[in-house]
Amino acid sequence: MSKYFFCYNKNVSDHLKSKEINFITVAIDPNTKKWFSLYEITPEMQGALEEYKQLTTSNKWLNSEEKVRY
């Protein structure tokens, strides 16, 4: 298992930053030419990722429910 997380999603990176989880570096992937932030995997970082998943899953469900009602 890798001890690093390559984050290519700015929303996820912003969420981690809001939880005071700092990246190691920001760089461009030489193959895809896309920006990423590199994080060390820690229990705190994993918890913040789980929280992000729950928040976005809840929002998707709420948005789909609102569409059904209208």
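The values are calculated or read from the model by the stated rules, or taken from the named source; none is laboratory data. On a predicted model such as this, the values are computed, not experimentally measured, just so you know. A quick note on method: Cβ atoms are made from the backbone with ideal geometry, for glycine too, and the neighbour counts reach across all protein chains shown. Accessible surface areas use protein heavy atoms only, side chains included; no ligands, DNA or RNA. Shrake-Rupley method; radii C 1.70, N 1.55, O 1.52, S 1.80 Å.
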* **Filtered residue count, segment 1-21, keeping only those that are in a loop (DSSP other than H, G, I, E, B) and either charged (D, E, K, R) or open to solvent by 80 Å² or more (accessible area, probe 1.4 Å) (or both)** => 5
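Out of contact with any Ser or Thr (no Cβ under 9 Å at 6 or more places or on another chain), part of a helix (DSSP H, G or I) and hydrophobic (A, V, I, L, M, F, W, C) - does that describe any residue in segment 22-43?
Taking segment 22-43 and keeping what is out of contact with any Ser or Thr (no Cβ under 9 Å at 6 or more places or on another chain), we get 22, 28-35, 40, 42-43.
In the following step, the residues that additionally are part of a helix (DSSP H, G or I) were identified as 43.
When the remaining residues are screened for being hydrophobic (A, V, I, L, M, F, W, C), the result is none.
Scanning segment 22-43 turns up no residue that is out of contact with any Ser or Thr (no Cβ under 9 Å at 6 or more places or on another chain), part of a helix (DSSP H, G or I) and hydrophobic (A, V, I, L, M, F, W, C).
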* Structure fact -> Scanning segment 32-46 for residues that are out of contact with any helix residue (DSSP H, G or I) (no Cβ under 7 Å at 6 or more places or on another chain) and under 15 Å from Tyr4 (Cα atoms) gives Phe36, Leu38, Glu40, Ile41, Thr42, Pro43, Glu44, Gln46
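Starting from residues that are closer than 28 Å to Val26 by Cα and over 12 Å from the mean Cα position of the chain (by Cα), keep the ones in segment 36-58 and report whichever is modelled with the lowest pLDDT. Steps first, answer last, please.
Looking only at segment 36-58, we keep the residues that are closer than 28 Å to Val26 by Cα, and these are 36-57.
Still in the list and also over 12 Å from the mean Cα position of the chain (by Cα): 40-44, 57.
Values: Glu40: 97, Ile41: 97, Thr42: 97, Pro43: 97, Glu44: 97, Thr57: 86.
This residue is Thr57.
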* Structure fact -> Taking first residues from segment 37-55 that are without any contact (Cβ under 8 Å) to a residue 60 or more places away in the chain and second residues anywhere that are among the hydroxyl-bearing types (Ser, Thr, Tyr) and open to solvent by 50 Å² or more (accessible area, probe 1.4 Å), the pairs with Cβ under 8 Å that are 6 or more apart or on different chains are Ser37/Thr25; Leu38/Tyr4; Leu38/Thr25; Tyr39/Tyr4; Glu40/Tyr4; Ile41/Ser2; Ile41/Tyr4
